[in-house]
Amino acid sequence: MKIVIIGGVAAGASAATKARRTNEDAQIVLLEKGGYVSFANCGLPYYVGGTIKKRESLLVVSENLLRNRYNIDIRTNNEVTEIDRKRKVVKVIDKKNNKQYEESYDKLIIATGASPFKLPFLDNKNNVFTVVTLDDVDKIKNSVDLGKIKKACVIGAGYIGLELVEQLWQIGIDVTLIEMKEHILPQFDYELTTPILFELNNRGVVVKTNTKVENAEYASNNVTELVLSNGEAIECDAVFQTAGVIPNVELAKKANLEVRRGIVVNSKMQTTDPDIYAAGDVVEIKSFVIGKDVWIPLAGPANKEGRVAGCNAAGGNMEFKGAIGSSIIKVFNYSIAKVGLSENDCKDLNIEYNATIVHPLHHAGYYPGGKTLTIKLIFKPNDGTILGAQVVGQEGVDKRADVIATAIYAGLKVFDLENLDLVYAPPFASAKDPVIMAGMTAANIVRGEVKNILPDRVKEKLSDKDCFILDARTPEEYEFGHIEGAVNIPVDSLRNRISEIPKDKKIIVYCGVGFRSYHACLILKAKGFDCYNMSGGYTSWRMYFPEY
């Protein structure tokens, strides 16, 4: 058997090594158009800023190891230009030796990945960079070392863009971040990104959202100024394009394989041609949450997909069950993670949902050093099925996101979250872990113990004469800041002042984080009031509306 793999890095290299572990006798050829067969592309921004100090640390697996340990025929700088399915050959350009040839296959694996989105008017400019390959960061490091970069513009406020902003700031470069959508990290719901925006502002990073780059000014093939759609012009001596990636599906399209946004594959990672497999950022995969094929260009799924494709191409029998879309990013002192669907995703997909927000400390409050976490849990209102979650904070973000991701994978519901048996000691968590607290608040809502309302919907009702907004905090907290028009009755005084609450109106109650207002709602509900607990309290309100 002869297996040919087009592309290395996460999916291709994983496919090659798993194919060898599955079939010792197969001939395995890996064709990589770049100069490196396996490198940590997720680590590239950190090499730019010096957090990763040695370039060789980015080389995950060497060509020699793949050749010697796995007996794989590695050919870098060999680019496949065409797949001839009828003859079962691929056409290749050997850029090292400036020749063309054909390579036959019994089984083929496409792992061509994705390419960065580029603005055409920035193409081929000396001081315009992408952050996708080792060659990219070599060029960036050279410019940094020569002192050529003092003012940088980063286009795109996604994962790579924000990681790069942090690293450029770290080496003393003034940075302007430009995002065409309404807020940074558009994969997340707006309010969860507010702490990250504050962190950027506190570091002096200039953030421009809801605007796009429309043109540029040049001098000697260098960009000197970016012209934005809002009329601003931003001076710069380096531009970084990090506004997303596009799957490299051209080979598959030319070969008449089924392609939507990415290559269509089954759970075996087979394309519509049973002898051709595909994996990584170039494919669409099943979403655990919605049960449909989606495009998820992340390293975790890519490695697993490659492993399955390599095994099955070599005669094995593995299945890739799908992905949740779990991701996390660190921006200075904060981390933010997302698993499954956001609220905006649910709206876009027309999925009925509810959400709860909690703001617990990441470990026991009486133990020194506790940091506030914010968890937004998305769930189905009828049965408590978990649809997704977002977590932001300074400590403990990854642990909580991973627990909820595992719960989604296992098909657990919010009632299961409130009953999880998680490790506890004061330095690590509380007896009621933040995930358990999120599960409890969600379960209370699904069971009908309390009705909830999100802060953005409260804002819509500020002028509604049929609504009464009750602030259940202390007078001192109320004076420090409150929602316009809210009446302050502390929860501990509520029973004695119940006559001050109008019975003919919808009562919206809030406190600091939602706990006291929950108790206030139970009191009011028992007295026959129609009341709603504002999820996450005034802390959430300030995240939604930082201008208040």
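The values are calculated or read from the model by the stated rules, or taken from the named source; none is laboratory data. As the structure is a computational prediction, the values presented were derived from the model and not from experiment. Here the Cβ positions follow ideal geometry from the backbone for every residue, glycine too, while neighbour counts run over all protein chains shown. All accessible areas refer to the heavy atoms of the entire protein, side chains included, with ligands and DNA or RNA removed. Shrake-Rupley method; radii C 1.70, N 1.55, O 1.52, S 1.80 Å.
Taking every pair of Cα atoms in the stretch 5-143, average 1/r, invert it to obtain the Kirkwood radius, and report Rg/Rh to two decimals.
With Rh from the inverse mean 1/r over Cα pairs, Rg/Rh is 1.00.
Note down the net charge around Val205, summing +1 for each Lys or Arg and -1 for each Asp or Glu among other residues with Cβ under 11 Å from its Cβ.
Within the 11 Å Cβ shell, the charges total -1.
In what order, largest first, do Arg85, Arg21 sit by accessible area if the probe radius is 1.4 Å?
Largest accessible area first, the list is Arg21, Arg85.
Heavy atoms of the protein only, probe of 1.4 Å, neighbouring chains included. What is the accessible area of Val165 in Å², nearest 10?
0 Å²
Quick one: check the C-alpha center-to-center distance for the stretch 255-287 versus the stretch 339-365, whole angstrom.
The distance from the Cα centre of the stretch 255-287 to that of the stretch 339-365 comes to 31 Å.
Quick one: net charge around Ala520, please, counting Lys, Arg +1 and Asp, Glu -1 for every other residue with C-beta under 12 Å from its C-beta.
So the surrounding residues net to +4.
Which distance in nm do the two modelled labels at Asp464 and Glu352 give, with both placed 7 Å along the Cα-to-Cβ direction?
The answer from the label model is 1.9 nm.
If you take every residue apart from Glu102 with its C-beta less than 14 Å away from the C-beta of Glu102, what net charge results, scoring Lys and Arg +1 and Asp and Glu -1?
+3
Under 8 Å for C-alpha pairs, at least 6 residues apart: give me the relative contact order for the stretch 396-476, rounded to a whole percent.
The normalised contact order for the stretch 396-476 reaches 23 percent.
At 1.4 Å probe size, put Cys311, Cys42 in order of accessible surface, largest to smallest.
Cys42, Cys311
Setting aside same-chain residues fewer than 8 positions from Lys53, which lysines have a Cα under 26 Å from its Cα?
Result set, ordered by chain and number: Lys139, Lys141, Lys148, Lys150, Lys151, Lys330.
To make sure I understand the rule: partners must be lysines, Cα under 21 Å from the Cα of Lys88, and not fewer than 8 residues away in the same chain. Which ones qualify?
Filter leaves Lys2, Lys33, Lys99, Lys107, Lys253, Lys254, Lys268.
Quick one: if the Förster radius is 41 Å, what FRET efficiency do Ile328 and Lys505 give, using the C-beta to C-beta distance and rounding to 0.05?
0.45
In units of 2.2 N^0.38 Å, what is the alpha-carbon radius of gyration of the chain?
Ratio of Cα Rg to 2.2 N^0.38 Å: 1.10.
If contacts are Cα pairs under 8 angstrom and at least 6 residues apart, what is the relative contact order of the stretch 1-68 in percent?
So the answer I get is 31 percent.
Relative to the compact globular guide of 2.2 N^0.38 Å, what is the alpha carbon radius of gyration of the stretch 437-492, as a ratio?
Taking the Cα Rg and dividing by 2.2 N^0.38 Å, one obtains 1.31.
Which percent of the accessible heavy-atom area of the chain goes to carbon and sulfur, probe 1.4 angstrom?
48 percent
Output needed: percent of Cα pairs per 5 Å distance bin for the stretch 72-166, bins running from 0 to the one holding the longest distance.
So the P(r) values, bin by bin, are 2, 9, 15, 18, 14, 11, 11, 11, 6, 2, 1.
What is the projected area of the convex hull of the Cα atoms of the stretch 15-93, averaged over all directions, in nm²?
6.6 nm²
Which of Ala314, Gly537, Ala425 sits closest to the plus end of the dipole of the chain, meaning its Cα is farthest towards the positive end, when Lys and Arg get +1 and Asp and Glu get -1 on the C-beta?
Positive-end residue among those listed: Ala314.
Starting from a Cα-only point model with no solvent, please compute log10 I(q)/I(0) by Debye for the stretch 403-511 at q = 0.09, 0.12, 0.19 1/Å.
The computed values of log10 I(q)/I(0) come out as -0.36, -0.61, -1.03.
Just the accessible area per residue of the chain, please: how many Å² with a 1.4 Å probe?
Result: 45 Å² per residue.
Per residue, what volume in Å³ does the convex hull of the Cα atoms of the stretch 51-101 enclose?
135 Å³
Just to confirm my numbers, what's the Cα centroid distance between the stretch 101-127 and the stretch 503-538 in Å?
56 Å
Which order do Trp541, Trp169, Trp295 take by accessible area at a 1.4 Å probe, largest first?
The most accessible residue leads, giving Trp169, Trp295, Trp541.
Mind checking which lysines have their C-alpha under 17 Å from Lys506, skipping anything on the same chain fewer than 8 residues away?
Once the sequence-local lysines are set aside, what remains near Lys506 is Lys451, Lys459, Lys461, Lys465, Lys525, Lys527.
Sum -39500 (n - 2.57) across every DSSP H segment of at least 4 residues in the chain, then divide by the residue count to get the 222 nm mean residue ellipticity, nearest 500.
Counting only the DSSP helices, I get -8000 deg cm²/dmol.
Relative contact order, percent, of the chain when contacts are C-alpha pairs under 8 Å separated by at least 6 residues?
With pairs under 8 Å counted, the relative contact order is 11 percent.
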